[in-house]
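No value in this document is a laboratory result; all are computed from the given coordinates. Note that the structure is a prediction, hence the values are computed from the model and not measured. Counting neighbours? That spans all protein chains shown, and the Cβs are built from the backbone with ideal geometry, glycine included.
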Amino acid sequence: MTTKILVFAALACPLFAADQLATFYDSELSRAEREVTRLAEAMPADKYNFAPTNGTFTGVRTFAGQVKHIATYTYQLATSDLNEKPPVDIGKDDNGPESLQTKEQILAYLKGAFAMAHRSVAKLTEQNQMEPVKSMYGERIRPRVATMTTYSWHSFDHYGQMVVYARMNGVVPGQAPPAAAAKR
């Protein structure tokens, strides 16, 4: 009986490790999704076109541009990994489609990108983590697991910029938007 249990446990270990790999990257993606989405929701709609203009900020993306960029890049990564076409218009470059103008449109686009990224992460296994994945534009090849890490670090890179913009407009990450706080 003990031998059967040990054999079963030995056979189950690789499956457990593979499951843990996808679970780990999905939790990292969920963390980035939660923070970016909360901040995008907290920024008032009338501040979505805000971008600092003084000094070294000249010419930077607007807050909306930051959100659209995160979503577009996430779509690009996920579509490459899943070997699918984007389910929505993602524009001509990594700045996203110009047609998205309202906060609601941009939030829906962001949420769709993260949903597609979760599908990408779900197919990660111990066996396929080192398989080469071509970028959407074909110029870059990297191991599938690199895509999984990029979802998080790229989102948080731009989240940091979004935090600066939000704070310049009285929005503190994790707190209610200024209008909601004033109504209390």
Modelled label-to-label distance, TRP153 and ASP89, 7 Å Cα→beta-carbon offset: nm? 3.3
Below 8 Å between Cα atoms, with a sequence gap of 6+, how large is the relative contact order for segment 16-126 in percent? 39
Give me the aspartates and glutamates in straight-line cross-link reach of LYS85: C-alpha distance below 20 Å, same-chain residues under 8 apart excluded. ASP93, ASP94, GLU98, GLU131, GLU139
Residue separation between ARG142 and PHE57 times 0.36 nm, minus their alpha-carbon distance, gives in nm 27.4 nm
R0 = 25 Å: FRET efficiency of ARG31 with ARG167, Cβ-based, nearest 0.05? 0.75
